[in-house]
Amino acid sequence: ISQVERITRVMNQLLAFARRRPVEHRALDLRQTIEDNLEIFQERLSHSHISVETSFAEFCPLVHADADQMSQVLINLVMNAIHAMPEGGTLRATLAPMPDRGMVTLTIADTGHGMPKDVIAKIFDPFFTTKMGKGGSGLGLSIVLNLVRDLLGGDMVVHSETGKGTSFVMTLPCSAPAGKSSPQAAA
């Protein structure tokens, strides 16, 4: 059963990578999307001894994004963070406006094993994986980068240091003009 589930995941990733469905960009409350996706992993995070810290700016504009694609990005990044912390650790999700650029910054960071520079240079390549024999298809981060850049209109950079963890920092376009934001309570 686990092998069938793994094959199904890989097939779905390949299909998502190969064909694009019509994108439905709309004003999206990224804070709520993050919270909803973290809730999906609540049991797995607890079982893996991973604590979650969130930091959301008090006033953060809605982003112009497709909800399903944004969830796919978050699911891939959270799964990678879980795999990077086999002994437990901390997963951080931060959200902050960049009003001068009309963007919002979303960071997903972990306190896991980190990556050396030669690995960082390859992590977005299709079929590159550091999880050989552990179920990694090598498509997750390639798909994430494609979604963030090509389909969501944003950008993403990665910062990592061996033994000190990894941070994926995304910039995503605001739904409203840079000066208009929706109030959201800080976490």
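Model label sites at ARG26 and GLU43, defined 7 Å from Cα along the beta-carbon direction, differ in position by 2.9 nm.
On a 1.4 Å probe surface of the protein chains, which of LEU91, LEU38 comes out largest in accessible area, and what is the full order?
Details: LEU91 5, LEU38 25 Å².
Largest accessible area first, the list is LEU38, LEU91.
Taking all Cα pairs closer than 8 Å and separated by 6 or more residues, the relative contact order of the range 26-80 comes to 64 percent.
Per the Kirkwood definition applied to all pairs of different Cα atoms, how many angstroms is the hydrodynamic radius of the range 81-125? Don't skip to the answer; put the middle values down first.
On the way: mean 1/r = 0.0794 Å⁻¹.
One decimal place: 12.6 Å for the Kirkwood radius.
Summarising the label geometry, the points placed 7 Å from Cα in the beta-carbon direction at ARG101 and ASP36 lie 2.6 nm from one another.
Convex hull volume of the Cα atoms in the range 86-160, per residue, in Å³? List each step's numbers first, then the result.
Details: hull volume 8.2 nm³, N = 75.
In the range 86-160, the Cα hull volume divided by residue count equals 109 Å³.
Between VAL52 and ASP125, the contour length at 0.36 nm per residue exceeds the Cα-Cα span by 23.5 nm. The equivalent ellipsoid of the range 41-125 has semi-axes of 24, 17, 13 Å, largest first, where each one is the square root of 5 times an eigenvalue of the Cα gyration tensor.
The values are calculated or read from the model by the stated rules, or taken from the named source; none is laboratory data. This is a predicted model, so every value here is computed, not measured. Here Cβ is always computed from backbone atoms with ideal geometry, including for glycine, and neighbour counts include all displayed protein chains. Calculation scope for accessible area: heavy atoms of the full protein, side chains included, ligands and nucleic acids excluded. Shrake-Rupley method; radii C 1.70, N 1.55, O 1.52, S 1.80 Å.
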